[in-house]
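Reviewing the structure listed below.
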Amino acid sequence: MSLPRFTQHALSEWMKGKGPRSDIVISSRVRIARNLSGLPFPMLATSSQSSEVVRRVEMALREEGRPSVLKDAELIRMDDLSDLEKRVLVEKHLISPHLAEESRHGAVILSQNEAVSIMVNEEDHIRIQCLFPGFQPEEAWKLADELDDWFESQLTYAFSETKGYLTSCPTNVGTGIRASVMVHLPALALTRQLNRLFPAITQVGLAVRGIYGEGSEALGNLYQVSNQVTLGQREEEIVQKLEGVVRQMIEHEHTARNRIREASFIQLEDRIHRSHGILSSARVISSKEAMERLSDVRLGIDMGLISGVTPQVMNELMVITQPGFLQIRANQRLDTEERDIRRAEMIREQLSLGRERE
Amino acid sequence: MQCQECGKRPATLHYTKIINGEKNEFHLCEVCARERGEQMAGMDSGFSINNLLSGLLNLDGQFAEQQARPAAQAQPLRCPTCGLTYSQFSKIGRFGCSDCYDAFSAQLDPLFRRVHGHTTHRGKVPERTGGKLRVRREIDKLKQEMATRIENEEFEEAARLRDRIRDLQEKLDS
(Lines give C-alpha, C1' and ligand atoms only; values in the text may rest on other atoms or scores of the structure.)
Protein backbone atom coordinates (compact mmCIF):
# COMPACT_ATOMS: atom_id res chain seq x y z
CA MET A 1 0.00 0.00 0.00
CA SER A 2 1.36 3.36 -0.91
CA LEU A 3 -0.61 5.64 1.34
CA PRO A 4 2.19 8.21 1.72
CA ARG A 5 1.54 9.10 -1.89
CA PHE A 6 -1.94 10.23 -0.89
CA THR A 7 -0.96 11.97 2.33
CA GLN A 8 2.40 13.59 1.62
CA HIS A 9 1.34 15.82 -1.23
CA ALA A 10 -1.26 18.45 -0.64
CA LEU A 11 -2.38 18.85 -4.18
CA SER A 12 -4.00 15.94 -5.88
CA GLU A 13 -2.75 15.39 -9.39
CA TRP A 14 -6.11 16.60 -10.81
CA MET A 15 -5.77 19.91 -9.05
CA LYS A 16 -2.47 20.88 -10.61
CA GLY A 17 -4.05 21.60 -13.95
CA LYS A 18 -6.00 24.75 -14.38
CA GLY A 19 -9.73 24.19 -14.67
CA PRO A 20 -12.22 26.44 -16.44
CA ARG A 21 -13.21 29.60 -14.51
CA SER A 22 -10.63 28.71 -11.90
CA ASP A 23 -10.38 32.34 -10.85
CA ILE A 24 -13.64 31.78 -8.96
CA VAL A 25 -14.49 28.09 -9.03
CA ILE A 26 -11.98 25.93 -7.17
CA SER A 27 -13.47 22.53 -7.93
CA SER A 28 -16.53 20.62 -9.07
CA ARG A 29 -17.66 17.39 -7.51
CA VAL A 30 -20.32 14.79 -8.15
CA ARG A 31 -21.12 12.08 -5.67
CA ILE A 32 -23.59 9.27 -6.17
CA ALA A 33 -24.89 7.00 -3.46
CA ARG A 34 -25.58 3.33 -4.19
CA ASN A 35 -26.43 0.28 -2.11
CA LEU A 36 -26.14 -3.41 -2.78
CA SER A 37 -29.36 -5.33 -2.95
CA GLY A 38 -30.08 -7.83 -0.18
CA LEU A 39 -27.75 -6.40 2.47
CA PRO A 40 -28.77 -3.99 5.25
CA PHE A 41 -27.44 -0.45 5.01
CA PRO A 42 -24.13 0.16 6.87
CA MET A 43 -25.88 1.54 9.96
CA LEU A 44 -27.54 -1.82 10.70
CA ALA A 45 -25.19 -4.19 8.92
CA THR A 46 -23.35 -6.76 11.02
CA SER A 47 -19.60 -6.85 10.89
CA SER A 48 -19.63 -9.80 8.50
CA GLN A 49 -22.20 -8.15 6.23
CA SER A 50 -20.09 -5.00 6.08
CA SER A 51 -16.96 -6.91 5.23
CA GLU A 52 -18.96 -8.78 2.58
CA VAL A 53 -19.71 -5.40 0.96
CA VAL A 54 -16.00 -4.56 0.88
CA ARG A 55 -15.24 -7.98 -0.56
CA ARG A 56 -17.76 -7.59 -3.39
CA VAL A 57 -16.65 -4.07 -4.25
CA GLU A 58 -13.01 -5.11 -4.25
CA MET A 59 -13.80 -8.02 -6.58
CA ALA A 60 -15.58 -5.65 -8.97
CA LEU A 61 -12.59 -3.33 -8.85
CA ARG A 62 -10.24 -6.12 -9.97
CA GLU A 63 -12.44 -7.29 -12.83
CA GLU A 64 -11.04 -7.03 -16.36
CA GLY A 65 -12.45 -4.28 -18.54
CA ARG A 66 -12.87 -1.76 -15.74
CA PRO A 67 -12.75 1.93 -16.66
CA SER A 68 -9.22 3.15 -17.27
CA VAL A 69 -9.31 5.59 -14.38
CA LEU A 70 -9.61 2.59 -12.03
CA LYS A 71 -6.74 0.65 -13.63
CA ASP A 72 -4.26 1.37 -10.85
CA ALA A 73 -6.75 2.35 -8.21
CA GLU A 74 -6.17 1.04 -4.71
CA LEU A 75 -8.59 0.00 -2.03
CA ILE A 76 -7.52 1.30 1.36
CA ARG A 77 -9.18 0.05 4.54
CA MET A 78 -9.86 2.59 7.28
CA ASP A 79 -8.64 0.08 9.87
CA ASP A 80 -5.20 0.16 8.27
CA LEU A 81 -4.83 3.91 8.70
CA SER A 82 -3.73 6.00 11.65
CA ASP A 83 -6.04 8.75 12.88
CA LEU A 84 -3.74 11.33 11.34
CA GLU A 85 -3.69 9.66 7.95
CA LYS A 86 -7.48 9.55 7.95
CA ARG A 87 -7.61 13.18 8.90
CA VAL A 88 -5.39 14.15 6.00
CA LEU A 89 -7.66 12.28 3.57
CA VAL A 90 -10.58 14.27 5.01
CA GLU A 91 -8.67 17.54 4.62
CA LYS A 92 -8.03 16.66 0.98
CA HIS A 93 -11.76 16.01 0.56
CA LEU A 94 -11.05 12.41 -0.47
CA ILE A 95 -13.13 10.87 2.31
CA SER A 96 -15.83 12.17 4.63
CA PRO A 97 -15.38 12.67 8.38
CA HIS A 98 -18.09 10.03 8.84
CA LEU A 99 -16.08 7.38 6.97
CA ALA A 100 -12.93 8.30 8.90
CA GLU A 101 -14.46 8.26 12.34
CA GLU A 102 -17.57 6.16 12.46
CA SER A 103 -17.62 3.57 9.73
CA ARG A 104 -17.30 -0.14 10.35
CA HIS A 105 -15.24 -1.91 7.70
CA GLY A 106 -14.99 1.44 5.99
CA ALA A 107 -12.75 1.61 2.93
CA VAL A 108 -11.92 3.93 0.10
CA ILE A 109 -10.84 3.30 -3.47
CA LEU A 110 -8.59 6.06 -4.73
CA SER A 111 -7.56 6.56 -8.32
CA GLN A 112 -3.92 7.43 -8.93
CA ASN A 113 -4.67 11.07 -9.67
CA GLU A 114 -7.15 11.25 -6.76
CA ALA A 115 -9.90 12.57 -9.02
CA VAL A 116 -11.96 9.52 -8.14
CA SER A 117 -12.61 8.32 -4.64
CA ILE A 118 -15.12 5.62 -3.92
CA MET A 119 -16.16 5.27 -0.31
CA VAL A 120 -17.32 1.89 0.91
CA ASN A 121 -19.55 1.47 3.98
CA GLU A 122 -19.99 5.14 4.59
CA GLU A 123 -23.64 6.03 5.16
CA ASP A 124 -24.38 3.96 2.05
CA HIS A 125 -22.56 0.87 0.79
CA ILE A 126 -20.98 2.74 -2.09
CA ARG A 127 -20.41 6.41 -2.70
CA ILE A 128 -18.72 7.24 -5.97
CA GLN A 129 -17.12 10.64 -5.91
CA CYS A 130 -15.52 12.46 -8.84
CA LEU A 131 -13.65 15.71 -8.36
CA PHE A 132 -12.58 18.02 -11.16
CA PRO A 133 -10.62 21.28 -11.01
CA GLY A 134 -12.52 24.46 -11.85
CA PHE A 135 -16.04 24.64 -13.17
CA GLN A 136 -16.84 21.21 -14.66
CA PRO A 137 -19.85 19.65 -12.94
CA GLU A 138 -21.01 18.01 -16.16
CA GLU A 139 -17.68 16.32 -16.75
CA ALA A 140 -17.69 15.10 -13.16
CA TRP A 141 -21.19 13.68 -13.63
CA LYS A 142 -20.19 11.90 -16.85
CA LEU A 143 -17.30 10.16 -15.15
CA ALA A 144 -19.40 9.24 -12.09
CA ASP A 145 -22.06 7.89 -14.45
CA GLU A 146 -19.50 5.75 -16.27
CA LEU A 147 -18.08 4.36 -13.04
CA ASP A 148 -21.59 3.68 -11.79
CA ASP A 149 -22.37 1.72 -14.96
CA TRP A 150 -19.24 -0.33 -14.40
CA PHE A 151 -20.05 -1.22 -10.81
CA GLU A 152 -23.63 -1.95 -11.77
CA SER A 153 -22.43 -4.44 -14.37
CA GLN A 154 -20.68 -6.31 -11.53
CA LEU A 155 -22.99 -5.75 -8.56
CA THR A 156 -26.75 -5.73 -8.05
CA TYR A 157 -28.00 -2.43 -6.70
CA ALA A 158 -30.98 -1.80 -4.44
CA PHE A 159 -33.40 -0.08 -6.80
CA SER A 160 -37.13 0.55 -6.88
CA GLU A 161 -39.06 1.40 -10.03
CA THR A 162 -40.88 4.27 -8.37
CA LYS A 163 -38.31 5.51 -5.86
CA GLY A 164 -35.12 4.95 -7.84
CA TYR A 165 -31.86 4.13 -6.08
CA LEU A 166 -32.62 3.31 -2.45
CA THR A 167 -30.36 5.09 -0.02
CA SER A 168 -29.88 5.09 3.72
CA CYS A 169 -31.06 8.68 4.07
CA PRO A 170 -34.35 9.82 2.54
CA THR A 171 -32.66 13.02 1.36
CA ASN A 172 -30.59 11.04 -1.18
CA VAL A 173 -33.20 8.70 -2.60
CA GLY A 174 -33.98 8.65 -6.33
CA THR A 175 -30.89 9.62 -8.26
CA GLY A 176 -28.61 9.49 -5.21
CA ILE A 177 -26.70 12.35 -6.77
CA ARG A 178 -25.11 15.26 -4.97
CA ALA A 179 -23.41 17.67 -7.33
CA SER A 180 -21.44 20.49 -5.81
CA VAL A 181 -19.13 23.29 -6.76
CA MET A 182 -16.64 25.03 -4.50
CA VAL A 183 -16.58 28.75 -5.13
CA HIS A 184 -14.38 31.54 -3.84
CA LEU A 185 -16.48 34.67 -3.32
CA PRO A 186 -14.29 37.30 -1.65
CA ALA A 187 -15.71 40.30 -3.49
CA LEU A 188 -19.32 39.37 -2.77
CA ALA A 189 -18.32 38.94 0.86
CA LEU A 190 -16.51 42.30 0.91
CA THR A 191 -19.49 44.07 -0.60
CA ARG A 192 -21.79 42.23 1.81
CA GLN A 193 -23.96 40.72 -0.85
CA LEU A 194 -23.83 37.14 0.38
CA ASN A 195 -26.71 37.52 2.78
CA ARG A 196 -28.89 38.47 -0.16
CA LEU A 197 -27.48 35.84 -2.47
CA PHE A 198 -27.70 32.79 -0.20
CA PRO A 199 -31.42 32.89 0.58
CA ALA A 200 -32.09 33.20 -3.16
CA ILE A 201 -29.99 30.10 -3.81
CA THR A 202 -31.85 28.16 -1.15
CA GLN A 203 -35.13 29.09 -2.75
CA VAL A 204 -34.26 27.40 -6.01
CA GLY A 205 -33.52 24.14 -4.20
CA LEU A 206 -29.76 24.43 -3.81
CA ALA A 207 -27.80 24.53 -0.56
CA VAL A 208 -24.75 26.55 0.48
CA ARG A 209 -22.29 25.16 2.98
CA GLY A 210 -18.79 25.62 4.34
CA ILE A 211 -15.91 23.86 2.61
CA TYR A 212 -15.94 20.67 4.64
CA GLY A 213 -19.59 20.07 3.93
CA GLU A 214 -22.56 20.01 6.14
CA GLY A 215 -22.24 21.87 9.40
CA SER A 216 -18.76 23.17 8.66
CA GLU A 217 -17.77 26.78 8.86
CA ALA A 218 -17.19 28.91 5.82
CA LEU A 219 -13.48 29.62 5.84
CA GLY A 220 -11.60 31.95 3.58
CA ASN A 221 -14.75 32.95 1.66
CA LEU A 222 -15.00 29.45 0.24
CA TYR A 223 -18.46 28.00 -0.18
CA GLN A 224 -19.88 24.76 -1.43
CA VAL A 225 -23.05 25.03 -3.50
CA SER A 226 -24.93 21.80 -4.08
CA ASN A 227 -28.29 20.39 -5.13
CA GLN A 228 -30.76 19.49 -2.43
CA VAL A 229 -33.36 17.57 -4.43
CA THR A 230 -32.50 14.05 -5.60
CA LEU A 231 -35.94 12.59 -6.32
CA GLY A 232 -38.17 13.44 -9.29
CA GLN A 233 -35.57 15.14 -11.45
CA ARG A 234 -33.21 13.61 -13.96
CA GLU A 235 -29.48 13.70 -13.18
CA GLU A 236 -28.81 15.96 -16.15
CA GLU A 237 -31.46 18.44 -14.99
CA ILE A 238 -29.95 18.51 -11.51
CA VAL A 239 -26.45 19.14 -12.82
CA GLN A 240 -27.62 21.75 -15.33
CA LYS A 241 -29.55 23.66 -12.70
CA LEU A 242 -26.49 23.80 -10.47
CA GLU A 243 -24.41 24.94 -13.42
CA GLY A 244 -26.88 27.66 -14.31
CA VAL A 245 -27.03 29.08 -10.80
CA VAL A 246 -23.27 28.93 -10.28
CA ARG A 247 -22.73 30.63 -13.63
CA GLN A 248 -24.78 33.53 -12.30
CA MET A 249 -22.82 33.57 -9.06
CA ILE A 250 -19.63 33.79 -11.09
CA GLU A 251 -21.04 36.79 -12.96
CA HIS A 252 -22.04 38.51 -9.71
CA GLU A 253 -18.61 37.91 -8.22
CA HIS A 254 -16.99 39.34 -11.36
CA THR A 255 -19.18 42.42 -11.21
CA ALA A 256 -18.37 42.88 -7.55
CA ARG A 257 -14.64 42.55 -8.25
CA ASN A 258 -14.85 45.17 -10.98
CA ARG A 259 -16.85 47.48 -8.78
CA ILE A 260 -14.30 47.26 -5.97
CA ARG A 261 -11.51 47.82 -8.46
CA GLU A 262 -13.19 51.00 -9.67
CA ALA A 263 -14.51 52.35 -6.39
CA SER A 264 -11.77 51.59 -3.91
CA PHE A 265 -8.73 50.31 -5.72
CA ILE A 266 -6.15 51.60 -3.29
CA GLN A 267 -7.96 50.10 -0.29
CA LEU A 268 -8.25 46.79 -2.09
CA GLU A 269 -4.59 46.83 -3.09
CA ASP A 270 -3.64 47.73 0.47
CA ARG A 271 -5.68 44.93 1.97
CA ILE A 272 -4.31 42.34 -0.42
CA HIS A 273 -0.69 43.36 0.04
CA ARG A 274 -1.09 43.56 3.81
CA SER A 275 -2.40 40.02 3.80
CA HIS A 276 0.46 38.94 1.57
CA GLY A 277 2.87 40.73 3.91
CA ILE A 278 1.46 38.96 6.95
CA LEU A 279 1.61 35.57 5.26
CA SER A 280 5.21 36.14 4.13
CA SER A 281 6.39 37.37 7.51
CA ALA A 282 4.26 35.96 10.31
CA ARG A 283 5.85 33.60 12.82
CA VAL A 284 2.59 32.45 14.41
CA ILE A 285 -0.69 32.20 12.58
CA SER A 286 -4.02 30.55 13.36
CA SER A 287 -5.78 28.43 10.80
CA LYS A 288 -8.67 30.87 10.63
CA GLU A 289 -6.46 33.89 9.98
CA ALA A 290 -4.40 31.92 7.47
CA MET A 291 -7.53 31.07 5.48
CA GLU A 292 -8.69 34.68 5.52
CA ARG A 293 -5.33 36.04 4.38
CA LEU A 294 -5.00 33.33 1.76
CA SER A 295 -8.39 34.33 0.43
CA ASP A 296 -7.16 37.93 0.05
CA VAL A 297 -3.97 36.85 -1.70
CA ARG A 298 -5.89 34.51 -3.97
CA LEU A 299 -8.12 37.45 -4.92
CA GLY A 300 -5.00 39.52 -5.56
CA ILE A 301 -3.59 36.87 -7.87
CA ASP A 302 -6.87 36.49 -9.75
CA MET A 303 -7.15 40.25 -10.20
CA GLY A 304 -3.57 40.55 -11.39
CA LEU A 305 -2.46 42.58 -8.34
CA ILE A 306 0.02 40.02 -7.08
CA SER A 307 2.52 38.25 -9.26
CA GLY A 308 5.02 35.57 -8.51
CA VAL A 309 2.57 33.32 -6.73
CA THR A 310 0.52 30.80 -8.65
CA PRO A 311 -3.10 30.16 -7.72
CA GLN A 312 -2.08 26.51 -7.26
CA VAL A 313 0.24 27.53 -4.44
CA MET A 314 -2.77 29.03 -2.75
CA ASN A 315 -4.86 25.90 -3.25
CA GLU A 316 -2.02 23.88 -1.83
CA LEU A 317 -1.61 26.15 1.18
CA MET A 318 -5.30 25.90 1.94
CA VAL A 319 -4.81 22.17 2.39
CA ILE A 320 -1.38 21.91 3.98
CA THR A 321 -2.14 24.48 6.66
CA GLN A 322 -4.93 22.27 8.03
CA PRO A 323 -4.12 20.54 11.36
CA GLY A 324 -3.87 16.96 10.04
CA PHE A 325 -1.50 17.87 7.26
CA LEU A 326 0.79 19.91 9.48
CA GLN A 327 1.15 16.98 11.84
CA ILE A 328 1.76 14.42 9.11
CA ARG A 329 4.47 16.66 7.70
CA ALA A 330 6.02 17.20 11.13
CA ASN A 331 5.76 13.49 11.80
CA GLN A 332 4.50 14.12 15.30
CA ARG A 333 1.49 15.30 17.24
CA LEU A 334 1.39 19.07 17.67
CA ASP A 335 -0.73 21.18 19.99
CA THR A 336 -2.50 24.29 18.74
CA GLU A 337 0.35 26.63 19.54
CA GLU A 338 2.94 24.45 17.83
CA ARG A 339 0.66 24.12 14.84
CA ASP A 340 0.31 27.90 14.56
CA ILE A 341 4.09 28.19 14.45
CA ARG A 342 4.52 25.36 11.92
CA ARG A 343 1.75 26.83 9.81
CA ALA A 344 3.43 30.22 9.63
CA GLU A 345 6.70 28.48 8.72
CA MET A 346 5.08 26.42 6.01
CA ILE A 347 3.37 29.42 4.45
CA ARG A 348 6.56 31.50 4.39
CA GLU A 349 8.40 28.63 2.79
CA GLN A 350 5.76 28.05 0.10
CA LEU A 351 5.49 31.72 -0.75
CA SER A 352 9.23 32.14 -1.20
CA LEU A 353 9.35 28.93 -3.24
CA GLY A 354 6.63 30.39 -5.44
CA ARG A 355 8.81 33.43 -6.00
CA GLU A 356 11.85 31.35 -6.85
CA ARG A 357 9.90 29.30 -9.36
CA GLU A 358 8.97 32.43 -11.23
CA MET B 1 -15.92 49.29 12.69
CA GLN B 2 -16.22 47.89 16.21
CA CYS B 3 -18.92 45.49 17.31
CA GLN B 4 -21.84 47.44 18.73
CA GLU B 5 -22.43 44.81 21.40
CA CYS B 6 -19.04 44.28 23.04
CA GLY B 7 -17.25 47.31 21.60
CA LYS B 8 -14.05 45.27 21.62
CA ARG B 9 -13.85 43.06 18.60
CA PRO B 10 -14.24 44.22 15.00
CA ALA B 11 -17.72 43.85 13.57
CA THR B 12 -17.84 41.16 10.89
CA LEU B 13 -21.57 40.66 10.52
CA HIS B 14 -23.59 43.55 9.15
CA TYR B 15 -27.27 43.37 8.50
CA THR B 16 -30.49 45.29 8.48
CA LYS B 17 -33.59 44.16 10.27
CA ILE B 18 -37.03 45.64 9.86
CA ILE B 19 -38.78 45.68 13.21
CA ASN B 20 -42.32 47.11 13.25
CA GLY B 21 -41.68 48.87 9.97
CA GLU B 22 -38.55 50.50 11.35
CA LYS B 23 -35.19 49.87 9.78
CA ASN B 24 -32.46 48.83 12.23
CA GLU B 25 -28.85 48.32 11.29
CA PHE B 26 -26.70 45.87 13.20
CA HIS B 27 -22.94 45.55 13.28
CA LEU B 28 -21.74 42.62 15.33
CA CYS B 29 -18.62 40.57 15.82
CA GLU B 30 -18.92 36.83 15.37
CA VAL B 31 -18.89 36.02 19.07
CA CYS B 32 -21.72 38.40 19.91
CA ALA B 33 -23.63 37.39 16.80
CA ARG B 34 -23.50 33.78 17.85
CA GLU B 35 -24.73 34.69 21.32
CA ARG B 36 -27.63 36.54 19.85
CA GLY B 37 -28.32 33.65 17.52
CA GLU B 38 -27.93 35.91 14.53
CA GLN B 39 -26.09 33.86 11.99
CA MET B 40 -25.86 34.11 8.30
CA ALA B 41 -27.38 31.43 6.17
CA GLY B 42 -24.90 28.74 5.26
CA MET B 43 -22.46 29.73 7.98
CA ASP B 44 -24.14 28.12 10.92
CA SER B 45 -23.57 24.64 12.12
CA GLY B 46 -26.08 21.93 12.65
CA PHE B 47 -29.11 23.57 11.11
CA SER B 48 -29.14 21.46 8.02
CA ILE B 49 -31.70 19.56 6.05
CA ASN B 50 -30.65 16.38 7.79
CA ASN B 51 -31.31 17.82 11.22
CA LEU B 52 -34.60 19.25 10.10
CA LEU B 53 -35.51 15.91 8.66
CA SER B 54 -36.15 14.26 11.96
CA GLY B 55 -38.52 17.14 12.73
CA LEU B 56 -40.42 16.47 9.53
CA LEU B 57 -40.52 12.78 10.28
CA ASN B 58 -41.73 13.29 13.80
CA LEU B 59 -44.68 15.17 12.42
CA ASP B 60 -45.52 12.06 10.46
CA GLY B 61 -44.77 9.91 13.45
CA GLN B 62 -47.26 11.71 15.65
CA PHE B 63 -49.78 11.57 12.87
CA ALA B 64 -49.24 7.87 12.32
CA GLU B 65 -49.52 7.22 16.04
CA GLN B 66 -52.77 9.10 16.32
CA GLN B 67 -54.14 7.16 13.41
CA ALA B 68 -53.04 3.91 14.94
CA ARG B 69 -54.36 4.65 18.44
CA PRO B 70 -57.93 3.43 17.93
CA ALA B 71 -56.57 -0.03 17.25
CA ALA B 72 -55.12 0.24 20.75
CA GLN B 73 -52.39 -2.40 21.14
CA ALA B 74 -51.50 -2.27 17.48
CA GLN B 75 -48.03 -3.57 16.72
CA PRO B 76 -45.52 -0.81 16.05
CA LEU B 77 -44.84 -0.35 12.37
CA ARG B 78 -41.68 -2.36 11.73
CA CYS B 79 -39.59 -3.37 8.74
CA PRO B 80 -39.84 -7.17 8.53
CA THR B 81 -36.35 -7.49 7.06
CA CYS B 82 -34.12 -5.42 9.31
CA GLY B 83 -36.44 -4.91 12.28
CA LEU B 84 -36.22 -1.11 12.31
CA THR B 85 -39.44 0.43 13.63
CA TYR B 86 -41.00 3.52 12.12
CA SER B 87 -40.53 5.44 15.33
CA GLN B 88 -36.81 4.56 15.38
CA PHE B 89 -36.58 5.69 11.77
CA SER B 90 -38.27 8.96 12.58
CA LYS B 91 -35.75 9.59 15.36
CA ILE B 92 -32.58 8.91 13.39
CA GLY B 93 -33.79 9.79 9.91
CA ARG B 94 -32.07 6.77 8.34
CA PHE B 95 -33.45 3.58 6.85
CA GLY B 96 -32.05 0.25 8.01
CA CYS B 97 -32.30 -1.53 4.66
CA SER B 98 -33.88 -1.16 1.25
CA ASP B 99 -37.02 -3.02 2.36
CA CYS B 100 -37.80 -0.22 4.84
CA TYR B 101 -39.01 1.74 1.83
CA ASP B 102 -41.79 -0.80 1.31
CA ALA B 103 -42.50 -1.30 4.97
CA PHE B 104 -43.03 2.42 5.63
CA SER B 105 -44.33 3.29 2.17
CA ALA B 106 -47.66 4.69 3.39
CA GLN B 107 -45.83 7.27 5.49
CA LEU B 108 -43.08 8.14 3.04
CA ASP B 109 -44.70 9.98 0.16
CA PRO B 110 -45.68 13.02 2.24
CA LEU B 111 -42.09 13.12 3.52
CA PHE B 112 -40.59 12.87 0.04
CA ARG B 113 -42.92 15.59 -1.16
CA ARG B 114 -41.74 17.86 1.63
CA VAL B 115 -38.05 17.14 1.08
CA HIS B 116 -37.87 16.78 -2.70
CA GLY B 117 -41.16 18.19 -3.97
CA HIS B 118 -41.63 14.90 -5.84
CA THR B 119 -42.45 11.29 -5.06
CA THR B 120 -41.41 9.45 -8.22
CA HIS B 121 -37.96 8.74 -9.61
CA ARG B 122 -37.31 10.09 -13.11
CA GLY B 123 -33.57 9.59 -13.33
CA LYS B 124 -31.19 6.84 -14.30
CA VAL B 125 -32.31 3.21 -14.35
CA PRO B 126 -29.85 0.37 -13.72
CA GLU B 127 -29.65 -2.35 -16.33
CA ARG B 128 -29.93 -5.34 -14.00
CA THR B 129 -32.71 -4.39 -11.63
CA GLY B 130 -34.50 -1.85 -13.76
CA GLY B 131 -35.18 -3.94 -16.90
CA LYS B 132 -38.95 -3.47 -17.08
CA LEU B 133 -38.79 0.19 -16.23
CA ARG B 134 -36.28 0.70 -19.01
CA VAL B 135 -38.66 -0.89 -21.50
CA ARG B 136 -41.60 1.15 -20.22
CA ARG B 137 -39.60 4.36 -20.58
CA GLU B 138 -38.63 3.37 -24.12
CA ILE B 139 -42.32 2.78 -24.94
CA ASP B 140 -43.27 6.20 -23.58
CA LYS B 141 -40.59 7.82 -25.67
CA LEU B 142 -41.70 6.00 -28.83
CA LYS B 143 -45.34 6.92 -28.19
CA GLN B 144 -44.45 10.58 -28.03
CA GLU B 145 -42.43 10.28 -31.21
CA MET B 146 -45.33 8.49 -32.91
CA ALA B 147 -47.72 11.28 -31.97
CA THR B 148 -45.40 13.85 -33.54
CA ARG B 149 -45.09 11.78 -36.74
CA ILE B 150 -48.86 11.51 -37.02
CA GLU B 151 -49.22 15.23 -36.52
CA ASN B 152 -46.74 15.78 -39.35
CA GLU B 153 -48.62 13.23 -41.45
CA GLU B 154 -45.58 10.96 -41.69
CA PHE B 155 -47.74 7.87 -41.49
CA GLU B 156 -45.23 5.34 -42.75
CA GLU B 157 -42.77 6.22 -39.99
CA ALA B 158 -45.62 6.30 -37.46
CA ALA B 159 -46.65 2.78 -38.43
CA ARG B 160 -43.11 1.56 -37.97
CA LEU B 161 -43.05 3.10 -34.49
CA ARG B 162 -46.44 1.51 -33.69
CA ASP B 163 -45.01 -1.93 -34.50
CA ARG B 164 -41.99 -1.38 -32.33
CA ILE B 165 -44.20 -0.28 -29.46
CA ARG B 166 -46.28 -3.45 -29.90
CA ASP B 167 -43.15 -5.61 -29.82
CA LEU B 168 -41.88 -3.94 -26.68
CA GLN B 169 -45.29 -4.21 -25.04
CA GLU B 170 -45.33 -7.93 -25.73
CA LYS B 171 -41.86 -8.29 -24.28
CA LEU B 172 -43.05 -6.48 -21.18
CA ASP B 173 -46.15 -8.65 -20.76
CA SER B 174 -44.40 -11.94 -21.29
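The values are calculated or read from the model by the stated rules, or taken from the named source; none is laboratory data. Just so it is clear, the model here is predicted, and its values are computed rather than measured. Here the Cβ is made from the backbone with ideal geometry for all residues, glycine too, and neighbour counts use every protein chain on show. To get the accessible areas, we keep the full protein, side chains included, count just its heavy atoms, and leave off ligands, DNA and RNA. Shrake-Rupley method; radii C 1.70, N 1.55, O 1.52, S 1.80 Å.
Quick look at the numbers
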read-out	value
Where only alpha carbons of chain A are counted, the Rg and the Dmax (Å)	20.8, 64
Solvent exposure of chain A as accessible area per residue, Å², 1.4 Å probe	39 Å²
Spin-label zone in region A:187-205 - amide nitrogen under 15 Å from a point set 7 Å from the Cα of A:Asn258 along the C-beta vector	A:188
Surface/4 of the Cα convex hull for region A:3-44, nm²	5.5 nm²
Pairwise label distance in nanometres, B:Asp109 with A:Arg247, each label 7 Å out on the Cα-Cβ vector	3.6 nm
Amide hydrogen neighbours beyond the local backbone of A:Ser27, cut-off 5 Å, H modeled	A:Gly134, A:Met182
Gaussian network model of chain A, Cα within-10 Å springs - most flexible of A:Leu299, A:Leu147, A:Leu194	A:Leu194
Residue-wise HN-Hα coupling along region A:68-81, computed from phi with Karplus coefficients 6.51, -1.76, 1.60 (Hz; x: Gly, Pro)	4, 5, 9, 3, 10, 5, 10, 9, 10, 8, 4, 5, 8, 9
Extension gain, B:Glu151 back to B:Ser174 (0.36 nm per residue minus Cα-Cα distance, nm)	5.1 nm
Residue-averaged beta-carbon neighbours from other chains (10 angstrom radius) around B:89-95	4
Too-long pairs where the Cα-Cα distance tops 32 Å, listed order kept, from A:Lys16/A:Lys163; A:Lys142/B:Lys143; A:Lys16/A:Lys288; A:Lys16/B:Lys141	A:Lys16/A:Lys163; A:Lys16/B:Lys141
GNM flexibility winner over chain A from A:Arg293, A:Arg259, A:Arg127 (Cα, springs under 10 Å)	A:Arg259
Charge-dipole axis of the protein assembly as shown as Lys and Arg at +1 and Asp and Glu at -1 on Cβ define it, positive-most pick from A:Leu166, B:Leu161, A:Ile306	A:Ile306
Span from the region A:14-59 Cα centroid across to the region A:254-331 one, whole angstrom	32 Å
Percent carbon-and-sulfur accessible area, chain A, ignoring ligands, DNA and RNA, probe 1.4 Å	46 percent
Solvent-accessible area, 1.4 Å probe, carbon plus sulfur percent, for region B:99-166	45 percent
Solvent-accessible area buried by pairing B with A, both sides, nearest 100 square angstrom, 1.4 angstrom probe	4200 Å²
Gaussian network model of chain A, Cα within-10 Å springs - most flexible of A:Ser264, A:Ser50, A:Ser226	A:Ser264
Burial ranking of peptide ranges A:174-183, A:76-85 (average Cβ count within 10 Å, highest at the top)	A:174-183, A:76-85
